[in-house]
1. Could you tell me which residue of segment A:126-157 is nearest to residue A:109 (Cα to Cα), considering only residues that are in a helix (DSSP H, G or I) and in contact with a helix residue (DSSP H, G or I) (Cβ under 6 Å, 6 or more places away or on another chain)?
2. Would you check if residue B:127 is within 17 Å of the chain's Cα centre (by Cα) and over 29 Å from residue B:208 (Cβ atoms)?
3. Could you say which residue among C:247, C:236 is more than 9 Å from chain B (Cβ to nearest Cβ) and not in a loop (DSSP other than H, G, I, E, B)?
4. Can you name the residue in segment A:124-142 that is surrounded by fewer than 19 Cβ atoms within 10 Å (Cβ to Cβ) and within 10 Å of another protein chain (Cβ to nearest Cβ) and is also nearest to residue A:71 (Cα to Cα) among such residues?
5. Test of understanding: among C:54, C:79, which residue is at pLDDT below 90, closer than 30 Å to residue C:142 by Cα, away from every other protein chain (no Cβ under 14 Å) and in contact with a helix residue (DSSP H, G or I) (Cβ under 6 Å, 6 or more places away or on another chain)?
6. Scanning for something within 11 Å of another protein chain (Cβ to nearest Cβ) and surrounded by fewer than 23 Cβ atoms within 10 Å (Cβ to Cβ), does segment C:259-266 turn up at least one residue?
7. Name the pairs: first residue in segment C:70-81 and not assigned by TED's automatic domain parsing to the domain that holds residue C:148, second residue part of a helix (DSSP H, G or I), Cβ to Cβ under 6 Å, at least 6 apart or on different chains?
8. Given the criterion in a helix (DSSP H, G or I), under 30 Å from residue B:200 (Cβ atoms) and either under 24 Å from the mean Cα position of the chain (by Cα) or within 14 Å of chain B (Cβ to nearest Cβ) (or both), identify the matching residue among C:27, C:40.
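The values are calculated or read from the model by the stated rules, or taken from the named source; none is laboratory data. Just so it is clear, the model here is predicted, and its values are computed rather than measured. All Cβ positions, even for glycine, are placed from backbone atoms using ideal geometry, and neighbour counts span all protein chains on display.
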């Protein structure tokens, strides 16, 4: 909204596996620094959409992608070094993952792989990202212990810290709360509120109310189609543009 | 705090080089399999196309490669030697091997299972020359004493030794096959009130039959390809055996025994390589079939 | 409430009989192992000593020790594993981490499986044709080691693949999500956590390479060779060498009037080495498994 050009522009995107279409001719944009919520029942293509944006769809066997996806004006399929794309677009997966490294090395992993070697630099980054992810106080005295020994909620926050460690401009979250307790979910939602003005957030969620709480605009996906995209209040009002939106939001089907 | 910059160029170059090396190594195994066939074929190829008589080779039992007057290259007796020892070995190893696989898989607690698996691994690790040595020094006198034969190096000796060598592979792959049967089969059967034995006999063995068949085939492949043990334990008679007490010579032992004496590139030398091609083909077919069966595609 | 009637009693009896029968079958495998090892030790006892290991065979191999064959085996095993391990590990990395499920990959898989089933005498023929003759290496330690390397390669590939596959996929995905390349992920997360499986596979091939006779019989192992006792650099890679497995074959079949303890002693050293190496591999596997990081 501020800088004119949208952060993410998707035009005519289609994804299929053999004959099965997972996404059909999707077109929309995500504005800089907005929070876009994406809701919809299972098998709507929401996760696939995120995988296309950071090109991890390439590791899914049999996926055929058509159409245009641009991040910050650049067509993602034209980017030669996909790692630079993935540093620009952070990703939080549904199931919490702690890498089998120390907590410090977990968060320092991405910067190290990108070429940052200076120890002080890494220490600053690790602390900053762990603080942003609301995990610092709990782990600051045991940064050497294994990331895999943390609880599910802690590992998900660790994942967020990892995702922030490479200075992304876009943060994608794929149903991040699905496997963690409600308290941690609330804490992470606070984290997202703190980040919202500095980073573009795409929040795929199965919790409809979560989109209502956090998103500026919300998109409703159903069965591979983008049914409706509008300001969040409009989506959750009595009169959205499509009756299916109303039905889904009211829980008539899930 | 520095902004993230690009990775150093040399690092990216090194990574590309490593990935090329990895691809090369991956493809190398095909090269080696073809290489084996190619080089073995090459050494025997001249005779194969100039003077080799397949009819005599496969159907004559007269193997006289060093005759001064009338050279003959009939390997029928050698094939019979290999077959007889292998059949005896499988007749012993298959029931015992599958029985042991069933025991380890269905009747053993975790501790006992681990211990037995270690024992089986150790049994499999004994070198074939040591087995041949045992055939010579332990089985030989035993057979002479119990069966009152003049020499104890025969089909029985070789067959028993081969059985002991083949059992571990049958047990280990058989056990994998039984483990792969879904627990739901077991749970359903137990819910119907069957005994352990009925569960095994009527549910598990049929369900695992592909894997068990593959285990047996791999055991056969092992037995057919074994060299040193049969060289030392079966004697040196090139003839079709008519009883377990007859000495025989296998295809593998013939190559091992005669290659050192045959002048390089002579006809005899080349025929030995041709026998090698025959062996390679047999074990290739057996292993391929076992692999296809394991993958669920019906083999021939 | 559930009274045992004659029907269920019969079923129980049948089950117990089956259990006993299967137990005996298993025992019939275990007992030979113990008997064999025990008997070998018993007959070899008079001759086993440190001297036996560092003394050369003497008097037409009717006396003395096994220094030359022992050293020869060590050379061949070490060189063959130095060749086979990097190739095998990298090939497994390719198959498990890079290869897509195409027909080409299936062919490679098939090739590995079939390489594993090649009879040892065919390896010998291959080694003779390819390394001794075609590559003009002559009968030498290097030719024998190369032959052994091809023989041990498929098992190293298979056990490395298993070790790599045991690292869960979510770890890789988490690394890719933060911009690590495939190789960076392998190098920093996948390989370090596969070491125990890889190591076990390699150690097991040590015992296999040490025990094989046929592949080295025509490619570099020799009936007799005099070398300096106690000198570990006594062989040169282009020399022929004696080897333990070959030596056992020789003195039990090719040399008459050998004192009984001598071949038994050789067999004991061979079997003892194999069992010790396998025990180390199992210990490595157990110890590193308990130190798993997830």
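1. Once the filter is applied, the top-ranked residue is A:126.
2. Considered against the rule, which asks whether it is within 17 Å of the chain's Cα centre (by Cα) and over 29 Å from residue B:208 (Cβ atoms), residue B:127 comes out as yes.
3. One residue alone meets the criteria, C:247.
4. Filtering first and then ranking leaves A:128.
5. C:54
6. yes
7. Note: no pairs meet the criteria.
8. Going through C:27, C:40 in turn, the sole match is C:27.
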